[in-house]
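Trainee: Sharing a structure, written as structure tokens. Questions coming.
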């Protein structure tokens, strides 16, 4: 398979790129790319930034997005250009949600997300169950589109990510499997494992408020309900206490405390490894949101973990694929309260 770098802009293939760097991560709804060009052709006129470009390595489509800055180094009379860009979903991060009327009733998550992204020429594909329809969902006018997307997805336990076409996938964390493991001494060139418990605690306490009837006509009082969870891997006393007024039952505060303990436990470990190829042995890309078996005896790692970020660098003298790998607990969805406040400060199911 040829591994020449080229882009397709308005049906025109442009070759001559000497260096490529791409980054895709589960922590952002938008990947990025950078390309360096050295050649005799004047390509500045076709790099407008207003039409999406497709980025290829050989016959493999890597990313679809927009050019943002175009840099022209002025040195040694060479015709050099550096372009930096982001996936099509960049506009969802940069731009405001101004849908009118901005409220949806009895709509599915996919219908709401499609209404938000359709003006930007982005499609939506659903590959997991997105739950019940929303009785009501409203945007906060002027908020970034991506904020509305994340709010809606969090309410249904769904993870939005991008594909190589710059479109949205509504999925869940760790829903796909890599076709092969990564092993030290085989396909792992080098790496670094970091364990840092700075943001981890031995005991987690979540305090919620509930309203009970008081003494006298119409009298009400508030009492705290406390949920607790323990992380037994932390070897000394390190308590962490938060308030969450949206949670009013013992079950809800206990669930949030357990969720906090799990997510922070997962975040304490971070593994970065370098591979020589952007592609697995079956030809598929290494991509975020793949579960992969990891075997690194030097770090006592022999388990299945989640690829959360892929950074790929390609030039004439270098091919390197850096994977960031974490415990899938990092992306465990926060449990939603079973009872929520109504607009009149009462409570409803």
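Nothing in this text is a laboratory measurement; each read-out follows from the coordinates by a stated rule. Worth saying up front: this structure is predicted, and the values here are computed from it rather than measured. Neighbour counts are summed over all protein chains in view; Cβ atoms, including those assigned to glycine, are modelled from backbone coordinates with ideal geometry.
Trainee: Looking only at the stretch 153-299, where both bridge partners belong to it, what percent of the DSSP beta bridges are antiparallel (to the nearest 5)?
Mentor: 70
Trainee: Something else: State whether the chain is rounded, prolate or oblate according to the following rule on the C-alpha gyration tensor (a ≥ b ≥ c being the square roots of its eigenvalues): a/c under 1.5 gives rounded; otherwise a/b larger than b/c gives prolate, and the remaining case gives oblate.
Mentor: Oblate, because a/c is 1.5 or more while a/b does not exceed b/c.
Trainee: A further question on this structure: Where does the chain land at 222 nm, in deg cm²/dmol rounded to the nearest 500, when only DSSP H runs of n ≥ 4 count, each adding -39500 (n - 2.57), divided by all residues?
Mentor: -3500 deg cm²/dmol
Trainee: I've got another one for you. Which of 167, 300, 252 comes first, and how do the rest follow, when ranked by fewest Cβ neighbours within 10 Å?
Mentor: 300, 167, 252
Trainee: Any idea what the alpha-carbon Rg over 2.2 N^0.38 Å comes to for the stretch 5-87?
Mentor: Ratio of Rg to 2.2 N^0.38 Å for the stretch 5-87: 1.06.
Trainee: So how far, in whole Å, is the C-alpha centre of the stretch 225-290 from the one of the stretch 97-157?
Mentor: 26
Trainee: While we're on this one: Express the C-alpha Rg of the stretch 92-171 as a ratio against the empirical globular expectation 2.2 N^0.38 Å, rounded to two decimals.
Mentor: Expressed relative to 2.2 N^0.38 Å, the Cα Rg reads 0.99.
Trainee: Indicate, rounded to the nearest 5 percent, the antiparallel portion of the DSSP beta bridges found entirely in the chain.
Mentor: That works out to approximately 85 percent antiparallel.
Trainee: Then there's this: If we count other beta carbons within 10 Å of each Cβ, what is the order of 312, 56, fewest first?
Mentor: Going from sparsest to densest Cβ surroundings: 56, 312.
Trainee: Neighbouring Cβ atoms within 10 Å as the yardstick, rank 80, 63 fewest first.
Mentor: Lowest count first: 80, 63.
Trainee: Using r as the Cβ-Cβ distance of residue 155 and residue 94, and R0 as 25 Å, what FRET efficiency do you calculate, to the nearest 0.05?
Mentor: In this case the efficiency is close to 0.55.
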